[in-house]
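Shown next, in structure tokens, is the structure this report addresses.
The values are calculated or read from the model by the stated rules, or taken from the named source; none is laboratory data. These numbers come from a predicted model, not from an experiment. No Cβ is skipped: glycine too gets one built from the backbone with ideal geometry, and neighbour counts run over all protein chains shown.
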Amino acid sequence: MEPQLLHRVADSVATVVVHHPAKRNAMTAAMWRALPPLLDALAGDPAVRALVLTGEGATFCAGADISALRESAEEAQGLAVRAEEALAAFPKPTLAAVRGHCVGGGAQLAAACDLRFAEEGALFGVTPAKLGVVYPASATRRLVSLVGPATAKYLLFSGELIDAGQALRTGLVDEVLPEGELGKRVAEFTRILVSRSQLTQAAAKEFADGRTDRDAHWSAQARGSGDTAEGVAAFLERRQPRFTWSVPTSG
């Protein structure tokens, strides 16, 4: 099978799989290009309420296919940045499920997700210093927001790999699961995500990502949605709420 991004939708969760096992799921130029339109399509699908990004087999993503850097490092980096920004802008909750190596461009993609769950044994690295590449400003800022400036500098200056335990302590990942338990935990957690209010999630995502000028917009959305009334009623009636607001589709 050619290197590609596979995807499926089940139980309101879209799963995107980085599939290039011959090179530890390294991202080719074609794969970087394919990610933004794929995300656009999934964002516009009302059946999708959350997204999981993972890698084929025992590796998340070993970064960019280095052969592409020989031809044009600048072009390859531009493709990676556009893919990263598209993932960060996805309007519904995103979760990176990490096994094995999550390095370079793979770490860039994982950091662009809202949450990161890792299996014990996972390794993380931000490695541009090993290649003489300038890490993009957007990716650097995102890394700093997750782990703070000191740890971001440690990772960027050294290019050294850290294990899942250290990634958890620094805030790079949110949960670490025993071997064999990652898939079960991701399924369990995404079931929780899709049962919650998309209105709350969409507003929280904007605010957490620094968009703090839209209080009036989201207050109006809440007033018109009926979700608040439904949530309160469900709580008082001791039942699961049936939220109806959904992320508007573009076009």
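Assorted remarks:
- Subset of the stretch 82-107 that is small (Gly, Ala, Ser) and either outside the structural domain of Asp40 (by TED's automatic domain parsing) or part of a strand (DSSP E or B) (or both) - its residue that is surrounded by the fewest Cβ atoms within 10 Å (Cβ to Cβ): Ala97
- Within the stretch 16-40, tally of residues that are under 16 Å from the mean Cα position of the chain (by Cα) and without any contact (Cβ under 8 Å) to a residue 24 or more places away in the chain: 1
- Filtered by the rule that a residue be of a type outside the set (D, E, K, R) and under 18 Å from the mean Cα position of the chain (by Cα), the stretch 154-177 gives Ala164, Ala167, Leu168, Thr170, Gly171, Leu172, Val173, Val176, Leu177.
- Count - residues of the stretch 162-202 that are closer than 18 Å to Val144 by Cα and in contact with a helix residue (DSSP H, G or I) (Cβ under 6 Å, 6 or more places away or on another chain): 4
- Restricting attention to the stretch 108-125, the residues being under 10 Å from the mean Cα position of the chain (by Cα) and not in a strand (DSSP E or B) number 7.
- Filtered residues of the stretch 119-145 (kept if touching a residue at least 40 places away in the same chain (Cβ under 8 Å) and in contact with a Phe, Trp or Tyr (Cβ under 8 Å, 6 or more places away or on another chain)): Ala122
- Failed item in (1) surrounded by fewer than 16 Cβ atoms within 10 Å (Cβ to Cβ); (2) touching a Gly at 6+ places or on another chain (Cβ under 6 Å), with Val18 passing the rest: (1)
- Qualifying residue in the stretch 178-200 (condition: at positive phi and under 20 Å from the mean Cα position of the chain (by Cα)): no
- Scanning the stretch 188-203 for residues that are closer than 18 Å to Val9 by Cα and without any contact (Cβ under 8 Å) to a residue 40 or more places away in the chain returns Glu188, Ile192.
- Sole exception among (1) at negative phi; (2) touching a strand residue (DSSP E or B) at 6+ places or on another chain (Cβ under 8 Å); (3) buried (at least 16 other Cβ atoms within 10 Å of the Cβ) for Leu79, by number: (2)
- Across the stretch 128-153, the qualifying residues are those that are more than 19 Å from the chain's Cα centre (by Cα) and crowded, with 17+ Cβ neighbours inside 10 Å, and the one among them that is farthest from Leu79 (Cα to Cα) is Thr151.
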